[in-house]
1. Determine whether region 214-227 contains at least one residue that is exposed (fewer than 14 other Cβ atoms within 10 Å of the Cβ), over 15 Å from residue 142 (Cβ atoms), in the same structural domain as residue 156 (by TED's automatic domain parsing) and more than 23 Å from the chain's Cα centre (by Cα).
2. Please state which one of 242, 180 is at pLDDT 95 or above, more than 30 Å from residue 117 (Cα to Cα) and in contact with a strand residue (DSSP E or B) (Cβ under 7 Å, 6 or more places away or on another chain).
3. Does region 192-202 contain any residue that is in the same structural domain as residue 154 (by TED's automatic domain parsing) and over 30 Å from the mean Cα position of the chain (by Cα)?
4. Which count do you get for residues in region 29-49 that are loosely packed, with under 14 Cβ neighbours inside 10 Å and without any contact (Cβ under 8 Å) to a residue 24 or more places away in the chain?
5. Only one of 173, 102 is touching a residue at least 60 places away in the same chain (Cβ under 8 Å), surrounded by 14 or more Cβ atoms within 10 Å (Cβ to Cβ) and under 30 Å from residue 59 (Cα atoms). Can you tell me which?
6. Can you confirm whether residue 151 is touching a residue at least 12 places away in the same chain (Cβ under 8 Å) and either more than 32 Å from the chain's Cα centre (by Cα) or in the same structural domain as residue 236 (by TED's automatic domain parsing) (or both)?
């Protein structure tokens with residue numbers, strides 16, 4: 001949340017520098033916040049939100065608390081910039097230069113977005129060719145979905161404590177063999193708080209995710225099978241495999257958006273470099289780095 005708000009602040013600052021005079025009384029839509037003659041309307045809120053990524057926009061739209069914090073931050077920035085202008089801070093030479101740098105940075109990104117990035121087209125054939133040429137990127141390892149019941153054993157447990165823990169695990173295993181529901185027993189007896197309330201369900205996992213004795217046992221079982229007691233550094237486990245997914249490749253449709261972004265990113269770098277070079281040549285840009293003197 002804190003990082004999200006910091007991101008809001010950084011982008012909103014650029015927006016306010018560019019549009020400091022825009023949020024004023026002449027907008028007739030619903031008023032969301034006021035401070036004397038200053039106000040923020042529903043339209044202003046939406047326009048400011050458009051600056052962000054789709055992911056952040058969706059997060060704000062779905063969360064009332066984020067909407068409130070975003071509105072408060074917009075008003076803070078408008079209020080601060082208004083007071084700063086009243087005090088003449090915007091007319092201080094070094095401040096004016098910093099503001100120009102911020103605005104230049106924003107305008108540069110907007111220019112490149114409109115003139116280069118937004119014009120990049122990636123066809124279905126381009127994506128399919130990339131998929132075929134880079135198929136190993138989309139390989140999925142074998143996975144299992146398992147439940148477990150853990151009877152925890154402390155690292156410094158005495159032989160008697162370990163023996164008692166194993167006996168408890170054996171008694172639970174016997175209940176399972178007699179037909180009692182694994183999920184219910186996990187919820188009742190498992191010492192793994194994260195999975196116990198879900199009936200011991202660990203979801204799907206590939207090799208390398210779990211400790212080796214647990215992993216070896218889980219991947220050796222067939223769907224529906226229950227293990228014997230498995231000892232790990234955490235204690236004694238009873239494992240039931242619910243489903244198994246063999247290794248394979250993600251289908252093209254599932255990774256199409258990812259490929260599109262990857263191709264756009266790849267082409268973008270080349271196109272931006274080409275555009276910058278062309279613009280600098282047209283405007284007869286000359287650089288004299290040898291004249292730089294550092295204090």
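1. The answer is yes; a qualifying residue exists.
2. The unique qualifying residue is 242.
3. no
4. Residues meeting the conditions: 8.
5. 102
6. So residue 151 passes the test.
The values are calculated or read from the model by the stated rules, or taken from the named source; none is laboratory data. Computed from a predicted model, the values in this text were never measured in an experiment. Heads up, the Cβs are rebuilt from the backbone with ideal geometry, glycines too, and the neighbour counts pull from every protein chain shown.
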